[in-house]
Amino acid sequence: MSDTFDFVIVGSGTAGGVLARRLSEDPAHTVALIEAGPPDRNPFIHIPAGFMKTMADPAVNWLYETEPSQGTAGRAIKQPRGKTLGGSSAINGHIYNRGQRLDFDVWAQMGNRGWSYAQVLPYFKRGERRIGDGDPTFRGFDGEFAVTDLDVHYPLCEAFIEGAVGLGIPRNPDYNGATQDGVGYFQRSIHRRRRVSTATAFLRPSMGRRNLRVYTNTHALRIALDGRRATGVVCRRGGRDITISARRELIVCGGVFNSPQLLQLSGIGPAGLLRELGIPVVHDLPGVGENLRDHYGVRLAARVKGAATINERSRGLPLAHEVLKYFTGGDSILNLQPTLVHVFWRSHPNVEHGDLQMTFTPASYQEGVQSKLDPYPGMSVAVWQQRPDSAGYVRAVSPDPFAKPAIQPNYLAEATDRQVLLGGLKLARRLMHTPQLEPYVEREEQPGPEVQSDDEWLDFARRRGTTTFHPAGSCRMGPTSDRTAVVDDTLKVHGIDGLRVADASIMPTMVSANTNAATLMIGEKAADLILGLPPLPEVELSHA
C-alpha cells in the first residue's frame, strides 16, 4: 500500500484499536493506524501488576502533568497516558466499569441523538466477551474484549464488604448490569494472567489483514488541510516528515490531551489562543480543549494487624515467591489489579442517583499516591465524586508539536464537588472502622484521627488527593447550535469536512465510571457512524 488510505486513524489507544479492527473488516477499505509510541512488547504491559512500572516509563507513557491549582494545594499532579499500541488500555488499572444509565441519557438530553443508554448499550455488548455470570440483556459474551472476575477473595476484602453491607449498602455482583449501586468485587480486563488491551483484543488479530497498515514510532505533527477539509496528517517518522493521506476520512483518537492539542496545532480551536501561539487560524472553534474533567480521588489508609496485605508480599523474598507463583499459575499478587473491591453509593441520603465511587484494596501507598507501597502492612479506601462539575482545559503552549500541552482540570473548583467529596470521605472513614474491619485496624495512618472538621478534611483532600486517571471531555460532543461543542453526534468536527474525533475527549459529561469501558463503546459506535451503517437495535429496558 502507498501512504494514501481510505481511512486514517491517529492514535492506537482504546478507541483507535477498536476502529482499526472494525474499519478493516471489509477488504474494500484501506486503513492506516498511526501510533506515536512503540509496539507493545514491553513485558510489564502484559503482566497485570506491571502497571506499577509502566505508569512511570517514558518509553510507553507520555508522562503528562497538570498545572498546579488551589484545589491541589499548589501541587502538579502526574497524568500518565499510554504511548504504545493499545494506548492507555495498555497501562491502566484493568477496571471494567461502564457507568450508570443516567450518564448516557443525559448525553442524549443534551441534544446528542443516538447516545441514550438504550442506544449505546448494544455497542457496549458487541465488543465484550464476558467470562462469568451476567444478564444477557446487559452483557455481551461473544466479543473480543475479555472481562473477568477476580478469582481469589482475601479476608480483608471480605471483611470490608461485610462491613459495607452492615452500613446498608447492598451487595451487587454485577455493577455493569441492571444497576450500579452497591458493593462487591471489581470486574477486570485480565484473562489467563495477562492484560487485555485493545491492542491484544482487537488490533493484534487484525494486523495480518492486507488492507490495514500500522505505523508505530510515528508522531502526528498536524492535520493536513485543503481549506476546511482534512486530507490526512503530517507525521514525523524516522527523522523525516511524511504525509499520510485519507481519501475518505481522518479520525483523531489521540486521547483527552493529545486530540485537542493536535487540532489546535492544525489551526482548529479558540482563535485567541491560536493567535497568541502564532498558529494561523483555519477555524475558530472555541470549545477545543475546554470542558476537561477528571475524577479527583483521595485515599484513606490504615496500618493492618492480624492479616496479610500486598505491601509485605511485594518486596524481598516474598516478592520472589510471588513471581514464581505467577509463572507457575498460582495465586500471585502479580495477577491483581490495583483495586479489588468497589462501592458505588451516595454522598447524602437525599441524593437520588449514586454520586460516589470508592475502592478498597489490601494495600496502601506512600502519601496516598498509587506508586510506591508503604513499608508496613496496610489497606486503603479511595473515594471520588462520580460526576464532577469542576471543568478545566487542555491548551497547546507552543507551535512545537513535541511540547507538552498545559493541562488544568481545576480540581475541586466548584462548591458542589467539595461537598460531595466531604460526604464521601466521611463515609470512607466509617467503612474503614466497621465492626467487621475494625479488628484488623492497628491505627488510621491517613489522614489520622486528628482530622475531624470539614475544613480539616478539605485541607487533607487538597494536600493528598490525586487523579484517578479518568480525564474526559476536551473535545465535547454537542449540536451545531452549541458554540462550545467540538463534534456533533456523528463525531464530525464542526466546520471541518472529512474529520472526526473518537475517544474519551468527546464525552459531554463525565461518566460515573473509569473511562476505559465507555471509550471502547465510543470506538464501536464510531465505526458504524463512519461506515454509514444503521445503528444497532436499541435494547428494551424496564423503567421500573
Can you tell me the dipole magnitude for the range 389-436 around its Cα centre, using point charges on the Cβ only (Lys, Arg +1; Asp, Glu -1), in Debye to the nearest 20? 280 debye
With a ≥ b ≥ c the root eigenvalues of the C-alpha gyration tensor of the range 55-176, is it rounded (a/c under 1.5), prolate (a/b larger than b/c) or oblate? rounded
Packing-based ranking, highest mean first, of 372-382, 479-489, 194-204, 4-14 given that Cβ atoms within 10 Å are counted: 4-14, 194-204, 372-382, 479-489
Rounded to the nearest 20 debye, dipole of the range 346-393 from Cβ charges on Lys, Arg, Asp, Glu: 80 debye
How much of the accessible area of the chain, probe 1.4 Å, is carbon plus sulfur, in whole percent? 51 percent
Please compute the net charge surrounding S189, taking Lys and Arg as +1 and Asp and Glu as -1 over other residues with Cβ under 11 Å from its Cβ. +3
Per the C-alpha gyration tensor (a ≥ b ≥ c, the square roots of its eigenvalues), the range 477-537 is rounded if a/c is under 1.5, else prolate if a/b beats b/c, else oblate; here it's oblate
Considering only protein heavy atoms, what per residue accessible area in square angstrom results for the range 187-257 with a 1.4 angstrom probe? 44 Å²
For the range 221-352, with +1 on Lys and Arg beta carbons and -1 on Asp and Glu, the positive-most of G306, V351, V282 along the dipole: G306
Cα centre as origin, Lys/Arg/Asp/Glu Cβ charges: the chain dipole, Debye: 1480 debye
Between the range 504-527 and the range 181-259, what's the alpha-carbon centroid distance in Å? 15 Å
Over the chain, with a single point scatterer placed on each C-alpha, what log10 of the ratio I(q)/I(0) does the Debye formula yield at q = 0.09, 0.11 1/Å? -0.62, -0.94
Two decimals is fine: what's Rg over Rh for the range 117-257, C-alpha atoms, Kirkwood radius as Rh? 1.12
Angle between the chain longest axis and helix 454-464 axis [Cα atoms, degrees, rounded to 10]: 60 degrees
Roughly how tilted is helix 516-531, in degrees to the nearest 10 and between 0 and 90, from the longest Cα axis of the chain? 20 degrees
Using alpha carbons only, what's the Rg to Rh ratio of the range 211-304 with Rh from Kirkwood? 1.14
Got a sec to turn the phi values of the range 58-63 into Karplus ³J(HN,Hα) couplings, 6.51 cos²θ - 1.76 cosθ + 1.60 with θ = phi - 60°, whole Hz, x for Gly and Pro? x, 5, 10, 9, 5, 6
Rounded if a/c is under 1.5, else prolate if a/b beats b/c, else oblate: with a ≥ b ≥ c from the C-alpha gyration tensor eigenvalues square-rooted, which is the range 309-429? oblate
Quick one: if you stick a label point 7 Å off each Cα along the C-beta vector at V351 and I242, how many nm between them? 5.0 nm
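The values are calculated or read from the model by the stated rules, or taken from the named source; none is laboratory data. Owing to the predicted nature of the structure, the values given are computational and were not obtained by experimental measurement. Neighbour counts are summed over all protein chains in view; Cβ atoms, including those assigned to glycine, are modelled from backbone coordinates with ideal geometry. Please note that ligands, DNA and RNA were not included when accessible areas were found on the heavy atoms of the full protein model with its side chains. Shrake-Rupley method; radii C 1.70, N 1.55, O 1.52, S 1.80 Å.
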